[in-house]
Amino acid sequence: MIKRFFYTLKQAFRQIFRNRAMSITSIFAIMAMLLILGLFFVLVINVNTAAESIQGDYDSIEIYLLDDTTEEDAQVMIDDMKEQYGVEDAYYKTKDDAMEQLKESWGDNGYLLDSLEENPLPNSVVIMIADLEAADDLAQQAESYDGIEDVKYYKDTVDKLLSMTDFLQMAAIIVMIFLIIVSIVIVSNTIKLTVLNRASEISIMKYVGATNWFIRGPFLAEGIIIGIIAAGVSVGLLTLIYREIVNLIGDQVLSMLSMPMVPVGFLIYNISWIFLALGISIGACGSIVSMRRFLDS
């Protein structure tokens, strides 16, 4: 059994080397598919993360007040909003409290805000929402008050992010199906070339009683090895690309925007298994398609 396994591997590597031009073409085809899919995957995961981060603020509406709006005026808004359906609580937030909150969200970069000559943030009224179905009506109510500068409400942003995520997921599925078909065809042609080159050898093996699976083994292993190589190279390239993107954006910018990105290690670890599974599946399918056409069942 062990000898047969090593024989299969040896023959598979020998076939890959003999037809290295087609093997390299197959590897690049699978790599292209995996990289494009990986970039879609990275984008979808980070958009989902951003949406979840913003949804943390989705259960609140913040009314920014003009500088000449007094705390007494704000209290009138608070009392009125507390009587509205769907409001859990409402409170006044000073600009100093807002600055402290902003510094905390910036983390280690919060000290950069100490250089400001004056606090540019406005005082505000924060409305905590108990029933999200009433959120739209509450936002409209908040916009009707006098003495306000703006109303911060994340629903539209969250909806757009979720719509973008759905679109990207659908696009990724369509592109993936197309590229998988192309990759299987190319791998199949590579295996087909090997089968044709070994036609006389295969005939002799069948004549002396070799089983179909004994003959098929090296071809199946060849496709799987091609898929594994393509997956490994794709993971390496995607790691370099994603790490460079994270470095270009920078932790400071992400902290200021309060938009986290999925850590490189976590993302690559999970995507490695996906790429490996896809690479092996595509290579194996390409081999099976070719063998069904050129080897007797």
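Pairs linking a residue in the stretch 108-126 that is closer than 11 Å to Lys95 by Cα to a residue that is exposed (fewer than 15 other Cβ atoms within 10 Å of the Cβ) and at pLDDT 75 or above, with Cβ atoms under 6 Å and 6 or more positions apart or on different chains, are Pro122/Glu149. Take the conditions (1) at pLDDT below 85; (2) surrounded by fewer than 15 Cβ atoms within 10 Å (Cβ to Cβ); (3) within 19 Å of the chain's Cα centre (by Cα); (4) in a helix (DSSP H, G or I); Pro260 misses just one of them, which is (4). If you go through the stretch 91-141 and keep only what is modelled with pLDDT of 80 or more, open to solvent by less than 50 Å² (accessible area, probe 1.4 Å), over 18 Å from Asp68 (Cβ atoms) and assigned to a helix (DSSP H, G or I), you end up with Met99, Leu138, Ala139.
Contact annotation: residue pairs with Cβ atoms under 7 Å, 6 or more positions apart or on different chains, pairing a residue in the stretch 182-196 that is closer than 9 Å to Val289 by Cα and of a type in the set (A, V, I, L, M) with a partner that is open to solvent by 40 Å² or more (accessible area, probe 1.4 Å) and at pLDDT 75 or above, are Ile184/Cys285.
Taking first residues from the stretch 229-246 that are in contact (Cβ under 8 Å) with a residue 24 or more places away in the chain and assigned to a helix (DSSP H, G or I) and partners that are among the polar types (S, T, N, Q) and open to solvent by 20 Å² or more (accessible area, probe 1.4 Å), the Cβ contacts under 6 Å between residues at least 6 apart in sequence or on separate chains come to Val235/Ser272.
The values are calculated or read from the model by the stated rules, or taken from the named source; none is laboratory data. All of these numbers come straight from a predicted model, not from anything done at the bench. Reconstructed Cβ throughout: ideal geometry from the backbone, glycine too, with neighbour counts over all protein chains shown. Surface areas here come from the heavy atoms of the whole protein model, side chains and all, with no ligands, DNA or RNA. Shrake-Rupley method; radii C 1.70, N 1.55, O 1.52, S 1.80 Å.
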